[in-house]
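One structure is given below, encoded as structure tokens.
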Amino acid sequence: MTLKEELTAKKEALAALKEAIENNDAEAIAQGEQLQAEIETKSAEIEQAEKKAALLNVIGKEESEDDTMEVKKNAASLGENFVENIKGMEIGKKFDLVAPVYVKAATDTQTSPAGAVGFATTYDKNVVTGARTPLVIRDLFGAEQISGSTLVYLVEGALQGTPAVTAEGAEKPQIHFADPTQKTVTLAKVACHIKESDEYINDFPFLASAINGRLLYELGLVEQGKLVTDLLGTSGIQTGTYAATGTATDIAEAILQAAMDVQASTGFAADAIALNPADWYILRTGKYNNGTYYGGGYFGAQDIPNIWGIPVCVSSSITSGTVIVGAFKTCASVVTNGGVSVEAVNTNEDDFVKNLMTIRAEERLALAVRRPAGFKKLTKAAT
């Protein structure tokens, strides 16, 4: 076993004592102190060995005081020279390769050196990801935090009676709000995990970070789908249809009517329209009879996509043929207990003996729709 392998083994042994030390186990504490002393000693030995190797490397150079390597003159090609001289080099050591001009016979066909294929390749360390749905639905709602796991709120009852202008001395009308309705939402946990090897994380941090990024994206994608499902499954939201022909005008006019219905029912103006990319395409490509596009066409790009002045949120989490119009910020909120939690351990199952690490991401959340009438779901009428 090498010095570095011994050091790694002692560090792992010390890490295994963590829980016992935290529980004030006297024997574990004594073992930990002994391991710490051995780790310090082993680290010093490694440092001394590295200094010695560096000194011998400098002494062993014959002609040059730098890290330049001279290429062999009798190799068949520059590529073969490179491969031959690179053999035995310490991994990660900096070096330069100085090569004479390589001239082939005038009658030979010029081709790429056989041994230089891998070294002529440029590697892009960015991972090309698959298609991504923008995580935009959650931002439409309000946000609030609670300390427990369940939220109970009261929804105002219907107004009974009507205020009126009355003459002096006349009886004033009485109004009354019906008893509020109690609503309860319980936080649901959305979670997922991945496994990675220690070597993968240490040797390829750019790939590891990309995978961790995808982990959080997948978590957010599930959360987005849950919010849409919970909203559309809430009792009391308004519903309506638009014509089965499904033209841009059909959709646009239904959206305007929905916005008016939301404001009439709650007093709050609609602040967003959520729809599928396919339906947004229909709206953006609507044309007048003379062939020109509504709103200026593709040369009339909007800074903020909107219909009737109401911002548009385009997401494939909304089913094609469904449009949601609502006062999102004021009529519903995403309730959480803490934020997204990302944790990693190497003591799960047999991770420790296999040098694996389990990375878990999770969040607890629920959707509280306090004013269901502040939303209207539009669907395409059946043919």
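A few comments on the model shown:
- The Rg/Rh ratio of the range 146-191, with Rg taken over Cα atoms and Rh as the Kirkwood radius over Cα pairs, comes to 1.37.
- Between the range 138-178 and the range 1-48, the alpha-carbon center distance in angstrom: 65
- Cβ-derived FRET efficiency at R0 51 Å, GLU12 paired with VAL155, nearest 0.05: 0.35
- Here the Karplus relation 6.51 cos²θ - 1.76 cosθ + 1.60, evaluated at θ = phi - 60°, turns the backbone of the range 234-250 into coupling constants of 7, 5, x, 6, 6, 9, x, 10, 10, 3, 4, 5, x, 7, 4, 5, 4 Hz, with x for every Gly and Pro.
- Of the cross-linked pairs LYS226/LYS377; LYS329/LYS377; LYS172/LYS376, those separated by over 24 Å at the C-alpha level are LYS172/LYS376.
- Above 22 Å, the calculated P(r) of the range 240-383 contains 53 percent of its Cα-Cα pairs.
- Based on the convex hull around the alpha carbon atoms, the range 134-270 presents an average projected area of 15.7 nm².
- Sorting 25-37, 236-248 by average packing, meaning the other beta carbons within 10 Å per residue, from highest down gives 236-248, 25-37.
No lab work stands behind these numbers, since they all come straight from the coordinates. In this text the structure is predicted, and so the values were computed from the model without any measurement. Don't worry about glycine lacking a Cβ; one is built from the backbone with ideal geometry, like all the others, and counts go over all protein chains shown.
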